[in-house]
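Visitor: Pasting a structure here, questions to come.
The values are calculated or read from the model by the stated rules, or taken from the named source; none is laboratory data. Model, not experiment: these values are computed from the prediction. Note that each Cβ is placed from the backbone with ideal geometry, even for glycine, and that neighbours are counted across all protein chains shown. Areas reflect the complete protein model, heavy atoms only, side chains present, ligands, DNA and RNA absent. Shrake-Rupley method; radii C 1.70, N 1.55, O 1.52, S 1.80 Å.
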Amino acid sequence: VETEYNGKGLINPRAFHDLHVYLVLKMMDDPERDAEKLIEEFFAYQYGPAAKEMKAYSAYLKKRLDAIPGTICMTPLQARNCFDKDFFITINSLLDAAEKKVKNDPERLENVRIERLPVDFSAAHLWKQVASQTGMEHKFLCDRLEQNMRLAYKRYFFKNQPFGIGI
């Protein structure tokens with residue numbers, strides 16, 4: 001039961017961080033709870049009308065990550081062969097659709113945008129290798145990454161702590 005904060009004011013972009021925290025807390029309270037039911041509850045509450053697209057994103061991400069042999073944390077980002085052109089196009093299509101469904105709900109829109117962090121973080125690191133082939137402009141990616149990092153920073157860190165992600 002760990003967090004992904006490093007204490008240096010940086011956010012470690014991990015997919016579905018809030019879901020992880022929610023499940024850990026609920027299961028620590030009652031280990032007999034049905035995890036699948038908790039996941040359904042979380043998606044319904046966290047994403048509302050965009051729950052379908054966010055579950056599709058989660059399932060697609062899991063499918064692609066499960067294809068990596070061995071332990072994923074032992075495989076450097078650049079060596080994870082799941083991050084190809086189709087990966088970024090598919091994930092961004094799902095997230096775009098989710099954003100459209102919650103565009104008039106600021107809290108849920110923020111939830112979706114924060115979920116873009118691991119995707120955009122990976123795309124930025126793999127820009128020359130693969131992400132530049134997706135048709136997205138580099139400046140657009142960097143601007144969106146910074147905007148969403150600011151959202152996450154505001155959510156997960158103290159309000160008086162200076163913003164400093166170094167991008």
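Visitor: Out of Lys103, Lys52, report the one residue that is assigned to a loop (DSSP other than H, G, I, E, B), at pLDDT 95 or above and not hydroxyl-bearing (Ser, Thr, Tyr).
Guide: Numbers: Lys52 fails: assigned to a loop (DSSP other than H, G, I, E, B).
Testing whether each residue is assigned to a loop (DSSP other than H, G, I, E, B), at pLDDT 95 or above and not hydroxyl-bearing (Ser, Thr, Tyr) leaves just Lys103.
Visitor: Can you work out which of the residues in segment 106-143 that are at pLDDT below 95 and of a type in the set (S, T, N, Q) is nearest to Tyr153 (Cα to Cα)?
Guide: Ser122
Visitor: Okay, next question. Out of all the residues in segment 109-139, which are open to solvent by less than 40 Å² (accessible area, probe 1.4 Å), in a helix (DSSP H, G or I), within 12 Å of Ala15 (Cβ to Cβ) and touching a helix residue (DSSP H, G or I) at 6+ places or on another chain (Cβ under 8 Å)?
Guide: If the condition is that a residue be open to solvent by less than 40 Å² (accessible area, probe 1.4 Å), in a helix (DSSP H, G or I), within 12 Å of Ala15 (Cβ to Cβ) and touching a helix residue (DSSP H, G or I) at 6+ places or on another chain (Cβ under 8 Å), then Ile114, Glu115, Leu117, Val119, Asp120, Ser122 are the ones that fit.
Visitor: Please indicate, with yes or no, whether at least one residue in segment 62-70 is surrounded by 13 or more Cβ atoms within 10 Å (Cβ to Cβ) and at pLDDT 90 or above.
Guide: Taking segment 62-70 first, the residues surrounded by 13 or more Cβ atoms within 10 Å (Cβ to Cβ) are 64-65, 68.
Now narrow it down to the ones that are at pLDDT 90 or above: none.
Within segment 62-70, not a single residue is surrounded by 13 or more Cβ atoms within 10 Å (Cβ to Cβ) and at pLDDT 90 or above.
Visitor: Report every pair of residues separated by at least 6 positions or lying on different chains whose Cβ atoms are under 8 Å apart, first residue within segment 4-26 and under 18 Å from Arg108 (Cα atoms), second open to solvent by 60 Å² or more (accessible area, probe 1.4 Å) and modelled with pLDDT under 65.
Guide: Close Cβ pairs (under 8 Å, with a partner that is open to solvent by 60 Å² or more (accessible area, probe 1.4 Å) and modelled with pLDDT under 65) amount to Val21/Thr3.
Visitor: Of the residues Leu126, Leu141, which is free of Cβ contacts under 8 Å to residues at least 24 places away in the same chain and either polar (S, T, N, Q) or closer than 18 Å to Asp86 by Cβ (or both)?
Guide: Leu141
Visitor: Filter segment 144-160 down to the residues that are open to solvent by less than 20 Å² (accessible area, probe 1.4 Å) and either among the aromatic types (Phe, Trp, Tyr) or without any contact (Cβ under 8 Å) to a residue 60 or more places away in the chain (or both) and list them by number.
Guide: Leu145, Asn148, Tyr153
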